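Taking it in order: structure first as structure tokens, then the write-up.
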Amino acid sequence: MHTALFWFLAAVSVISALGVVLQRNPVHCLLSLIVTLLAIAVMFIGEGAIVVGFLQAIVYGGAIMVLFLFVIWLLNLGVEIGPTGHIALKFFGTLAVAAMTAELMAFMLPPHLEVKYAGHVAGYGSIDSLSQKLFSEYLVAFEVTSVLLLVAVIGAVALARRTSASEIAQNADDSARRAQGAS
């Protein structure tokens, strides 16, 4: 991977990770997290772990973020907390700052500190090596993670469907009015 590209992706991932923590709108935080995960996926691909990079983009940048988005919508967390906005300006500002940081680092670093391709053993990052590790050594952790995600989704749905005390009182009043009207 070229040094300037590495520093650009590193700056994008750090700035967007800060955006996850510092933004007030949960949906904007989620979008910043997606940018962070995609920048890391491109770093994986640049280092020769193509399968891991694509899995990072598809599984985390796609499926898990959609799950998080559904949880945000179910819990009605899409309400902005304080002044927010200008998401396009934030996105392009992140890209501009990352590009300037990458250019500065590429030109200012001494040659012995440049990022170089490390070279890996044959089969590094392939589907075969990934599946052998995942379904032999880490099978229990893989299954526990899937159960944990399922429980989290069920909990989010249960929290979203919970009725408040005022709704229960209003339903009781409506039932009482209907009972009086029927008699």
Those residues of the range 135-162 which are hydroxyl-bearing (S, T, Y) and in a helix (DSSP H, G or I) amount to S136, T145, S146
Among residues of the range 54-104 being polar (S, T, N, Q) and within 18 Å of the chain's Cα centre (by Cα), the residue modelled with the lowest pLDDT is T94
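The values are calculated or read from the model by the stated rules, or taken from the named source; none is laboratory data. Since the structure is predicted, the reported quantities are computational estimates derived from the model, not experimental observations.
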